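Some notes on the structure that comes next.
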Amino acid sequence: MTSYADEIAVQQARDNAEIACMRRFGFANWRTEDLGTAPPLADNASNMPRRYGLTDLAEAKEYGYRPPHPGRESTPPPERDAADAVTVLQGRQGDSDVTSFKGEALPEGGCTGEVNRKVGTLDANLVERLSGESFERSQETAAVKAVMGQWSQCMKDRGHQVNTIWDTDKLHSPAAGTASSEEIKLATDDVECKTTTGLVKVWFDEEAAIQKQLIKDNKSSLDGARSRRNSTLSTASAINADTR
């Protein structure tokens with residue numbers, strides 16, 4: 001899976017290529033959205049602190065189920081609805097393709113088309129699908145069902161009626177400004193019951209076994225995905241180095 005840092009590097013290269021293209025057609029002040037100002041809680045969708053729900057006891061006791069470090073809002077890009085800018089960016093005017101702008105030939109598909117050909121994109125469809133499949137399948141294994149039942153009984157003993165870890169979402173309000181004392185208790189009990197039952201370790205081991213098999217079953221396709229990813233990252237690195 002692609003890390004957040006690599007995602008930002010590729011998007012930065014795409015932005016640099018877009019800006020260079022737009023400037024060639026007279027948009028000297030063109031800029032793109034600020035990057036990296038609101039990083040996610042995880043490096044990627046698999047290697048995340050809360051793949052199996054809340055697990056950090058200190059966070060539970062202080063924040064309940066809320067993230068401890070909410071991301072900052074990024075600065076929005078400038079308005080892009082000027083007709084000329086849209087024409088150059090997309091290579092289209094209304095429903096028609098446009099091949100030139102003020103006497104200069106436009107790249108096919110406008111500057112966006114040029115960026116796609118020059119930099120490309122990170123295609124994580126396969127790995128994300130396999131990651132999702134392993135996550136869903138792991139929950140149906142006998143081992144995870146058994147330990148989830150133990151966790152549920154532990155929570156029941158503490159006054160919470162929940163069958164799976166996902167049921168805790170129904171017992172607190174994420175819309176509230178801060179976590180209530182009830183939410184703090186629920187979150188704390190949740191993590192402590194995960195610890196006493198060993199739920200996370202059992203679940204992780206079951207999912208890891210499924211993922212290893214999926215990797216074997218899809219090795220050729222995954223090798224191709226990795227090769228394409230590495231090629232895109234190499235291209236992005238070169239473009240970003242040239243614009244420093």
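Read-outs: derived from the displayed coordinates by stated rules, not from any lab. Given the structure is predicted, the values throughout are model-derived calculations rather than measurements. Virtual Cβ from ideal backbone geometry, glycine too; neighbours counted across all protein chains shown.
Give the long-range amide H neighbours of Gln93: residues separated by 5 or more places, or on another chain, with amide H under 5 Å away, using H modelled in the peptide plane at 1.01 Å from N.
Here the answer is Val98, since their amide H atoms fall under 5 Å of that of Gln93.
Could you state the number of Å between the C-alpha centres of region 132-157 and region 113-130?
34
State the percent of C-alpha pairs, over all pairs in region 136-211, separated by a distance greater than 22 angstrom.
27
Quickly rank 204-212, 85-93 as a protection proxy: mean count of other C-beta atoms within 10 Å, highest first.
Numbers: 204-212: 16.1, 85-93: 18.8.
Output ranking for 204-212, 85-93: 85-93, 204-212.
Taking only Cα atoms, what is the 0 to 90° angle, nearest 10, from helix 181-197's long axis to the longest principal axis of the chain?
80
Under 24 Å between alpha carbons, and skipping anything fewer than 8 positions from Lys118 in its own chain: which lysines qualify?
Lys102
On a 0 to 90 degree scale, rounded to 10, what angle separates helix 142-157 from the longest Cα axis of the chain?
60
On C-alpha positions alone, give me the angle between the axis of helix 199-217 and the longest principal axis of the chain, in degrees, nearest 10.
Approximately 50 degrees, to the nearest ten.
What 222 nm value per residue comes from the helices of the chain, counting each DSSP H run with n ≥ 4 as -39,500 (n - 2.57) and dividing by all residues, nearest 500 deg cm²/dmol?
-18000 deg cm²/dmol
Quote the convex hull volume per residue of the chain, based on C-alpha atoms, as a whole number of Å³.
172
Using modelled backbone amide H atoms (1.01 Å from N, in-plane), which distant-in-sequence or interchain residues come within less than 5 Å of Phe101's amide H?
Residues meeting the criterion, in which the H sits 1.01 Å from N, are Leu106.
Taking θ = phi - 60°, what integer Hz values does the Karplus form 6.51 cos²θ - 1.76 cosθ + 1.60 yield along region 89-101, in sequence order, with x for Gly and Pro?
5, 9, x, 9, 9, x, 9, 10, 6, 10, 9, 8, 9
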